[in-house]
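Comments concern the structure below.
The values are calculated or read from the model by the stated rules, or taken from the named source; none is laboratory data. Since the structure is predicted, the reported quantities are computational estimates derived from the model, not experimental observations. Ideal geometry is used to build each Cβ from the backbone, glycine not excepted, and the neighbour counts take in all protein chains shown. Accessible surface areas use protein heavy atoms only, side chains included; no ligands, DNA or RNA. Shrake-Rupley method; radii C 1.70, N 1.55, O 1.52, S 1.80 Å.
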Amino acid sequence: DPADGPGAFIPPATGLPERDVGLEATSPVTVQGTQDQFICVVFDPALLEDRYLSGMNIVPGNALVAHHALLMRADRDEVASLSGGSDQFPCFGGPPGELIHAWAPGGQPLELPSDIGIAIQSDQVVVVQMHYHPTGTSVELDQPTVELRFHEQKPTWSFNVALPGNAS
């Protein structure tokens, strides 16, 4: 009897609770054709001092073509050199910086305990490598947003992401 079954699934709310900043890409990414695209989008939190993240989230603007994303912290000058000063650039295989978070459809915001944080220096930006899967029939636009929340003071522990593997 359906009346005895579980209730309807209600997905959790999207977005990072109590975010300090939401950075929208300064221009949309055009996704078209039949080949997957890997585009790095640069987000500058314009920090005046080194800070520690307590939470982060990526919100794609177009779920139809957003396949997954990698969030990196990277040196602002290095990224400017790689991008030619643009806020987005092709980056298949090797986005600049250090991995700090990843997202795929259905993924939830990263929220850390009060004594754990991710260091981000005042001379760093957040680079999001977006993997797009075009529809093959339409031109789509995506303008993702990065949501950040900061600790008020330096936490006891540092959160680091490691991808062990064989690089030979």
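Some points to look at:
- So residue 111, is it surrounded by fewer than 16 Cβ atoms within 10 Å (Cβ to Cβ) and either within 20 Å of residue 24 (Cα to Cα) or among the charged types (D, E, K, R) (or both): yes
- Filter pass, residue 83 being exposed (fewer than 15 other Cβ atoms within 10 Å of the Cβ) and over 30 Å from residue 154 (Cβ atoms): no
- Residue 16 vs. criteria open to solvent by less than 80 Å² (accessible area, probe 1.4 Å), in a loop (DSSP other than H, G, I, E, B), touching a residue at least 40 places away in the same chain (Cβ under 8 Å) and farther than 30 Å from residue 138 by Cα: yes
Residue-wise test of (1) closer than 19 Å to residue 124 by Cβ; (2) part of a strand (DSSP E or B); (3) in contact with an Asp or Glu (Cβ under 9 Å, 6 or more places away or on another chain).
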| site | (1), (2), (3) |
| --- | --- |
| 27 | no, no, yes |
| 38 | no, yes, no |
| 42 | yes, yes, yes |
| 67 | no, yes, yes |
| 71 | yes, yes, no |
| 89 | yes, yes, no |
| 113 | no, no, no |
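- Residues of segment 144-164 satisfying the condition of being part of a loop (DSSP other than H, G, I, E, B), open to solvent by less than 60 Å² (accessible area, probe 1.4 Å) and polar (S, T, N, Q): none
- Residue among 25, 8 that is farther than 16 Å from residue 118 by Cα and either open to solvent by less than 40 Å² (accessible area, probe 1.4 Å) or under 16 Å from the mean Cα position of the chain (by Cα) (or both): 25
- Test result for residue 47, assigned to a loop (DSSP other than H, G, I, E, B) and buried (at least 16 other Cβ atoms within 10 Å of the Cβ): yes
- Number of positions in segment 111-168 that are farther than 23 Å from residue 94 by Cα, of a type in the set (D, E, K, R) and without any contact (Cβ under 8 Å) to a residue 60 or more places away in the chain: 2
- Conditions (1) part of a loop (DSSP other than H, G, I, E, B); (2) farther than 15 Å from residue 73 by Cα; (3) open to solvent by 40 Å² or more (accessible area, probe 1.4 Å); (4) out of contact with any Phe, Trp or Tyr (no Cβ under 9 Å at 6 or more places or on another chain); number of the one not met by residue 134: (3)
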